Amino acid sequence: MKLYGIWGVGGFAREVMPVAADFLAAKVDGPYSLVFVVDGEPAKAETNGHQVWSAEKFLRAEGEKHFNIAIAASDARERIAGVCEQAGIKPFEIRASNSWVTDRNLVGDGAIFCPFTTVTADARIGRFFHANIYSYVAHDCVIGDFVTFAPHVCCNGGVVVEDHAYIGTGAVLREAAPGRPIVIGKGAVVGMGAVVTRSVAPFTTVVGNPAKPIEKG
């Protein structure tokens, strides 16, 4: 029997689980199991009708296994992906039936597309991307690895979002001019409702309209 594990059991994981269940029901032939996976011993044996397994149990289980990671912290996603892939476990994509990702895009392993998400045309998306509800990626965008879009993120055309960036709920990334991409640097954080009109330096947090770095001090 095939085994599919979703790492995490917090709010986002519980939101993603029914999306994954519907997706797998339509895609997988033959019997399979779908479980939550957590580091350490689970606080509960079952959540929302699905078993909760320890990471150790999941990694030791025999047979064909697949994983995804529904944890917001991008560094945790990178760590877990490394552990699973080193163990020979393959990532699987989760895509809501009412999401719209055209075949004119390149999408890396382990992406999660929640309900009402959209990727239009000629975008490149890295590994373990999270697109929460109602977010979109427009034409010619480049999204790095372990990037998180919270709900209602508007990523307009030609934007580059580097690895481990976090884009907060309702943020708007302005469309870039041809040949002059707006770049959201590695590890940057765009605050809730921010309107980004220019590039953001790596590991910088910006807020407001127009978005500006938070002053230190």
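Taking first residues from region 28-44 that are over 13 Å from residue 70 (Cβ atoms) and partners that are polar (S, T, N, Q) and not in a loop (DSSP other than H, G, I, E, B), the Cβ contacts under 9 Å between residues at least 6 apart in sequence or on separate chains come to 33/51; 39/54; 40/54; 41/54; 42/51; 42/54. For region 1-44, which positions are of a type in the set (D, E, K, R) and within 16 Å of residue 115 (Cα to Cα)? Across region 1-44, the qualifying residues are 14, 15, 22.
Looking across region 3-41, the residues that are surrounded by fewer than 19 Cβ atoms within 10 Å (Cβ to Cβ), of a type outside the set (D, E, K, R) and in a loop (DSSP other than H, G, I, E, B) come down to 10, 28, 30, 31, 40.
Scanning region 148-175 for residues that are assigned to a strand (DSSP E or B) and aliphatic (A, V, I, L, M), we see that the one that is farthest from residue 200 (Cα to Cα) is 172.
Let's see how each residue does on (1) among the polar types (S, T, N, Q); (2) out of contact with any helix residue (DSSP H, G or I) (no Cβ under 6 Å at 6 or more places or on another chain); (3) in contact (Cβ under 8 Å) with a residue 12 or more places away in the chain; (4) within 25 Å of residue 71 (Cβ to Cβ):
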residue: 139; (1), (2), (3), (4): no, yes, yes, no
residue: 142; (1), (2), (3), (4): no, yes, yes, yes
residue: 149; (1), (2), (3), (4): no, yes, yes, yes
residue: 165; (1), (2), (3), (4): no, yes, yes, yes
residue: 209; (1), (2), (3), (4): yes, yes, yes, no
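Can you find a residue in region 183-200 that is under 16 Å from the mean Cα position of the chain (by Cα) and within 24 Å of residue 103 (Cβ to Cβ)?
No; the residues of region 183-200 include none that is under 16 Å from the mean Cα position of the chain (by Cα) and within 24 Å of residue 103 (Cβ to Cβ).
Considering each residue of region 151-169 in turn, none proves to be over 23 Å from residue 15 (Cα atoms), more than 21 Å from the chain's Cα centre (by Cα) and of a type in the set (A, V, I, L, M, F, W, C). Residues in region 45-70 that are without any contact (Cβ under 8 Å) to a residue 24 or more places away in the chain, over 23 Å from residue 114 (Cβ atoms) and part of a loop (DSSP other than H, G, I, E, B): 45, 62. Residues in region 176-217 that are exposed (fewer than 14 other Cβ atoms within 10 Å of the Cβ), modelled with pLDDT of 95 or more, in a loop (DSSP other than H, G, I, E, B) and touching a strand residue (DSSP E or B) at 6+ places or on another chain (Cβ under 7 Å): 209, 210.
Going through region 60-84 one residue at a time, which ones are of a type outside the set (Phe, Trp, Tyr) and surrounded by 18 or more Cβ atoms within 10 Å (Cβ to Cβ)? Passing the criteria: 65, 66, 68, 69, 70, 71, 74, 77, 80, 81, 84.
Which residue out of 110, 126 is at pLDDT 95 or above and at positive phi?
Numbers: 126 fails: at positive phi.
Only one candidate qualifies: 110.
The values are calculated or read from the model by the stated rules, or taken from the named source; none is laboratory data. Every value quoted in this text rests on a predicted model; they were computed, and no experiment measured them. Don't worry about glycine lacking a Cβ; one is built from the backbone with ideal geometry, like all the others, and counts go over all protein chains shown.
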